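Trainee: The structure that follows is given in the form of structure tokens.
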Amino acid sequence: MTYSQTLANLQSRYPNGVPGGISIEDLAQLKTQNTFETHLDIAKAMAKVMRADMAAYDNDSSAFTQSLGCWSGFHAQQMLRAIKRQKGTLDKAYVYLSGWMVAGMRNRFGHLPDQSMHEKTAVVDLIQEIYTSLRQADEVDLNDLFAELKTTDDREAVLAKIDGFETYVRPIIADIDAGFGNVHATYLLAKEMVKAGACCIQIENQVSDAKQCGHQDGKVTVPREDFVEKLRAVRMAFEELGVEDGVIVARTDSLGAGLTQKIPVSREAGDEAAEYTKWLETEPVSDLHQLKDGEMAIQLDGKLVKPVRLPNGLYKFREDTGEDRVVEDCISSLNDGGADLLWIETATPNVGQIANMVRRIREKAPHAKLTYNNSPSFNWTLNLRKQVREDWIAEGKITAGEYPDNNQLMSAAYDEDELGLEADRRLQSFQTDIAREAGVFHNLITLPTFHGTAKVMNDLSEGYFGEQKMLAYVKEIQREEIRRNVSAVKHQHEVGSNLGDDFKEMTGGDRALKAGGVHNTMNQFESAA
């Protein structure tokens with residue numbers, strides 16, 4: 001409800017005034033500033049936002065959505081504040097919650113690799129924290145508008161801002177890794193994530209207890225029928241909690257995964273198990289006496305064969321079958337598992353490669369859409385410059401010897417070179433191109449706040465502990481905050497000091513002991529934010 005509606009409801013409820021002499025206007029303000037009653041309400045509302053955005057993308061591929069991976073509520077808050085300052089709206093902006101960053105930054109076990117070794121509740125805690133921070137951003141901004149309402153001569157204009165306020169709460173795409181256990185464990189964790197506010201859950205087809213980062217070696221996938229069961233578990237969690245529009249992202253790591261933990265049981269020709277098993281690396285068996293103790297043979301394509309098994313008991317897939325397995329994974333996830341979006345983990349950022357796979361997927365699943373990881377694991381500069389070099393050689397624009405084909409192409413010497421500039425143009429249009437050519441509805445960067453925080457602390461520390469001393473902080477951080485109207489420059493206000501002051505005044509009137517006032521140092525930044 002709008003503030004005006006809330007106020008009218010309270011006046012109807014308390015025709016003789018609120019007990020205790022509490023101001024009805026103050027109560028209406030507090031109720032308005034509390035933009036969501038529960039985080040489950042957030043999940044329901046944001047699922048509808050995602051569904052509407054997906055429909056808009058189906059009609060126009062330029063209407064793709066974006067997010068940055070955030071490992072704290074403050075990171076998410078500042079990201080969305082920046083977008084709102086720049087664009088005036090948060091339309092098409094989401095938050096990505098990365099399992100890698102929960103493992104690396106936000107768990108009780110320390111800095112860990114992306115292998116699902118941390119406590120699973122850390123994922124739920126971060127969703128809760130992000131939405132708490134975004135709701136507080138709502139409180140802070142609305143509180144400022146109500147303060148303006150008390151002093152303005154144009155109440156109608158300020159009331160319009162209050163009633164038309166756009167919440168900072170946006171959809172979170174939350175990473176559940178491979179489900180942190182069996183199918184029931186996946187369901188239980190998914191429920192907790194949804195109750196914390198997640199409207200969208202991303203799950204991958206790796207073996208839960210052998211999970212690896214998608215950009216490292218040693219990945220082991222599960223049979224498709226096993227993955228379908230986990231997709232069903234997530235859907236049942238959404239439905240049980242009343243989030244009927246909940247969104248599931250089914251991620252396949254098969255492009256870089258050459259191993260499987262088990263061979264599924266085939267019940268009939270061409271079923272899910274047979275389609276998965278056909279890609280195994282095998283050796284022919286002409287006589288059962290060829291088998292050693294403990295070895296097994298299977299019938300495959302009318303022939304008796306022995307699957308290649310490693311000393312750890314894992315089975316190998318044939319080389320160069322990754323793309324075929326990805327296509328089949330995606331079709332199964334959409335048509336059998338009821339997933340809404342796909343995620344194809346790739347080794348390099350190549351629009352053509354992804355577009356080719358999507359074209360094949362859409363032959364069986366016409367409305368397939370992707371979430372794509374614009375990963376910091378890619379050396380973007382080197383990859384794009386290499387792609388430009390290869391294209392130019394193929395076009396006859398240059399010869400192979402004009403540019404290096406190794407890491408020397410990363411050199412700053414090429415930053416202003418024609419090839420480097422063309423690579424930068426392709427970087428700038430990459431998300432638009434992949435949305436148009438490869439069905440990518442959502443573009444995200446998994447770990448930007450990890451790398452961004454590292455770089456800021458590196459640069460500040462080098463300067464502050466080096467020759468620049470205080471100039472390093474002022475020049476690189478505070479001066480830029482002031483000039484670019486970053487609201488956090490007024491750090492006391494950013495974390496709610498005005499909220500506390502105003503609440504004290506609501507309850508105590510003139511007796512309120514307030515932090516704000518003439519001696520508050522935040523007044524030095526009054527003209528900055």
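The values are calculated or read from the model by the stated rules, or taken from the named source; none is laboratory data. Note that the coordinates shown come from a computational prediction; the quantities given were computed from them, not determined experimentally. Note: ideal-geometry Cβ built from the backbone for every residue, glycine included; neighbour counts use all protein chains shown.
Trainee: Might you check whether a residue that is hydrophobic (A, V, I, L, M, F, W, C), surrounded by fewer than 15 Cβ atoms within 10 Å (Cβ to Cβ) and either in the same structural domain as E345 (by TED's automatic domain parsing) or touching a helix residue (DSSP H, G or I) at 6+ places or on another chain (Cβ under 9 Å) (or both) occurs anywhere in the range 430-452? Give the derivation first.
Mentor: Just the residues of the range 430-452 that are hydrophobic (A, V, I, L, M, F, W, C), to begin with: 430, 434-435, 438, 440-441, 444-445, 447, 450.
Add one more test, that the residue is surrounded by fewer than 15 Cβ atoms within 10 Å (Cβ to Cβ), and what stays is none.
Checking the range 430-452: not a single residue is hydrophobic (A, V, I, L, M, F, W, C), surrounded by fewer than 15 Cβ atoms within 10 Å (Cβ to Cβ) and either in the same structural domain as E345 (by TED's automatic domain parsing) or touching a helix residue (DSSP H, G or I) at 6+ places or on another chain (Cβ under 9 Å) (or both).
Trainee: Condition check: farther than 22 Å from G352 by Cβ, among the hydrophobic types (A, V, I, L, M, F, W, C) and either assigned by TED's automatic domain parsing to the domain that holds P376 or in contact with a helix residue (DSSP H, G or I) (Cβ under 8 Å, 6 or more places away or on another chain) (or both). Does V474 satisfy that? Can you show your working first?
Mentor: On the way: farther than 22 Å from G352 by Cβ: yes; among the hydrophobic types (A, V, I, L, M, F, W, C): yes; either assigned by TED's automatic domain parsing to the domain that holds P376 or in contact with a helix residue (DSSP H, G or I) (Cβ under 8 Å, 6 or more places away or on another chain) (or both): no.
Criteria not met by V474.
Trainee: While we're here: Among the residues of the range 366-412, write down those that are surrounded by fewer than 19 Cβ atoms within 10 Å (Cβ to Cβ) and under 18 Å from D329 (Cα atoms).
Mentor: Once the filter is applied, which keeps residues that are surrounded by fewer than 19 Cβ atoms within 10 Å (Cβ to Cβ) and under 18 Å from D329 (Cα atoms), the range 366-412 yields P366, H367.
Trainee: Quick one: which residue in G179, G197, G218 is modelled with pLDDT of 95 or more, in a loop (DSSP other than H, G, I, E, B) and closer than 23 Å to E328 by Cα? Can you show your working first?
Mentor: Working: G197 fails: closer than 23 Å to E328 by Cα; G218 fails: modelled with pLDDT of 95 or more.
Criteria check complete, one pass: G179.
Trainee: Within the group V305, V285, V265, which residue is among the aliphatic types (A, V, I, L, M) and either closer than 26 Å to D209 by Cβ or loosely packed, with under 11 Cβ neighbours inside 10 Å (or both)? Walk me through how you get there before you give the answer.
Mentor: On the way: V305 fails: either closer than 26 Å to D209 by Cβ or loosely packed, with under 11 Cβ neighbours inside 10 Å (or both); V285 fails: either closer than 26 Å to D209 by Cβ or loosely packed, with under 11 Cβ neighbours inside 10 Å (or both).
Result: V265 is the single residue among V305, V285, V265 that is among the aliphatic types (A, V, I, L, M) and either closer than 26 Å to D209 by Cβ or loosely packed, with under 11 Cβ neighbours inside 10 Å (or both).
Trainee: Restricted to the range 221-257, and to residues that are surrounded by fewer than 23 Cβ atoms within 10 Å (Cβ to Cβ) and closer than 15 Å to V326 by Cα, which residue is modelled with the lowest pLDDT?
Mentor: Checking each candidate, the answer is G256.
Trainee: Determine which member of the set D114, D154 is of a type in the set (D, E) and farther than 26 Å from L499 by Cβ.
Mentor: Working: D154 fails: farther than 26 Å from L499 by Cβ.
Going through D114, D154 in turn, the sole match is D114.
Trainee: Check L126, L90, L112 and return the single one that is hydrophobic (A, V, I, L, M, F, W, C), at pLDDT below 95 and over 22 Å from H491 (Cβ atoms).
Mentor: On the way: L126 fails: at pLDDT below 95; L90 fails: at pLDDT below 95.
Exactly one of L126, L90, L112 is hydrophobic (A, V, I, L, M, F, W, C), at pLDDT below 95 and over 22 Å from H491 (Cβ atoms), namely L112.
Trainee: Please pick out the residue among L409, L427, L421, L384 that is under 24 Å from the mean Cα position of the chain (by Cα), farther than 24 Å from Y57 by Cα and in a helix (DSSP H, G or I).
Mentor: Working: L409 fails: under 24 Å from the mean Cα position of the chain (by Cα); L427 fails: farther than 24 Å from Y57 by Cα; L421 fails: under 24 Å from the mean Cα position of the chain (by Cα).
After ruling out the rest, the residue left standing is L384.
Trainee: Residues in the range 272-306 that are under 23 Å from E229 (Cβ atoms) and part of a strand (DSSP E or B): how many?
Mentor: Filtering the range 272-306 down to residues under 23 Å from E229 (Cβ atoms) leaves 272-280, 298.
Now drop any that are not part of a strand (DSSP E or B), which leaves 280, 298.
Going through the range 272-306 one residue at a time, the tally reaches 2.
Trainee: Hey, among the residues in the range 319-354 that are aliphatic (A, V, I, L, M) and assigned to a loop (DSSP other than H, G, I, E, B), which one's farthest from Y57 (Cα to Cα)? Don't jump to the end; show me each part of the working.
Mentor: In the first step, residues of the range 319-354 are kept if they are aliphatic (A, V, I, L, M); the result is 326-327, 331, 334, 339, 341-342, 344, 347, 351, 354.
From what's left, assigned to a loop (DSSP other than H, G, I, E, B): 339, 347.
Values: A339: 17, A347: 26 Å.
By that ranking, first place goes to A347.
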